[in-house]
Amino acid sequence: MLMENEPFLTALTLMFYDGRSKGAVTVTMKRYDGRNRPEPRPGTKNAAKNPLPKPEQYQCLVRARLRQKKISTVVSGQNVEKFQEAYSKLMLSSMDSLKRVKKAKTARMAQ
């Protein structure tokens, strides 16, 4: 479900809260050029008819998933810094339930 940036962050906060009991939340970020269809392969008949223009400015597609619930948002170039700041604060506040990894003690060889 595509959302605006602020409601996405709010829904992501709730998703992290639910993830403590229901499982892991997966967040992905990728470059987004505004297309909703894949680019035709070279050599096919559709590739020659409609060459897709390159966008002037790329955007960032952010997706989050918890089991069957999926949310996403598109961040424009002008809003990246503001979104990253809010996202980093959200991540720092949501990392309080992480478990420490116990390091295995290595046996020292007596010489």
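Computed from the coordinates by the stated procedures, all read-outs in this text should not be read as laboratory data. Since this is a predicted model, take the numbers as computed values, not measurements. FYI the Cβ positions are ideal-geometry reconstructions off the backbone, even for glycines, and counts take in every protein chain you see.
Compute the acute angle (0 to 90°) between the alpha-carbon long axis of helix 5-22 and the principal axis of greatest extent of the alpha-carbon atoms of the chain; round to the nearest 10°.
Relative to the chain, helix 5-22 is tipped by roughly 40 degrees.
If I take R0 = 30 Å and measure r between the Cβ atoms of ARG65 and ARG100 in this structure, what FRET efficiency does the formula 1/(1 + (r/R0)^6) give, to the nearest 0.05?
0.70
Between ASP18 and ARG35, how many nm apart are label points set 7 Å from Cα along the C-beta direction?
3.3 nm
If you line up the long axis of helix 80-94 against the longest principal axis of the chain, both from Cα atoms, how many degrees apart are they, to the nearest 10?
That helix lies at roughly 30 degrees to the long axis.
If you restrict to DSSP beta bridges whose two residues both lie in segment 1-91, what percentage is antiparallel, to the nearest 5?
Restricted to segment 1-91, the bridges split so that about 90 percent are antiparallel.
Mind checking the full-extension length gain between ALA86 and LYS54? Use 0.36 nm per residue of separation minus the Cα-Cα distance, one decimal, nm. Intermediate results must be reported in sequence, preceding the final value.
Details: separation 32, 0.36 × 32 = 11.52 nm, distance 2.94 nm.
Gain on stretching ALA86 to LYS54: 8.6 nm.
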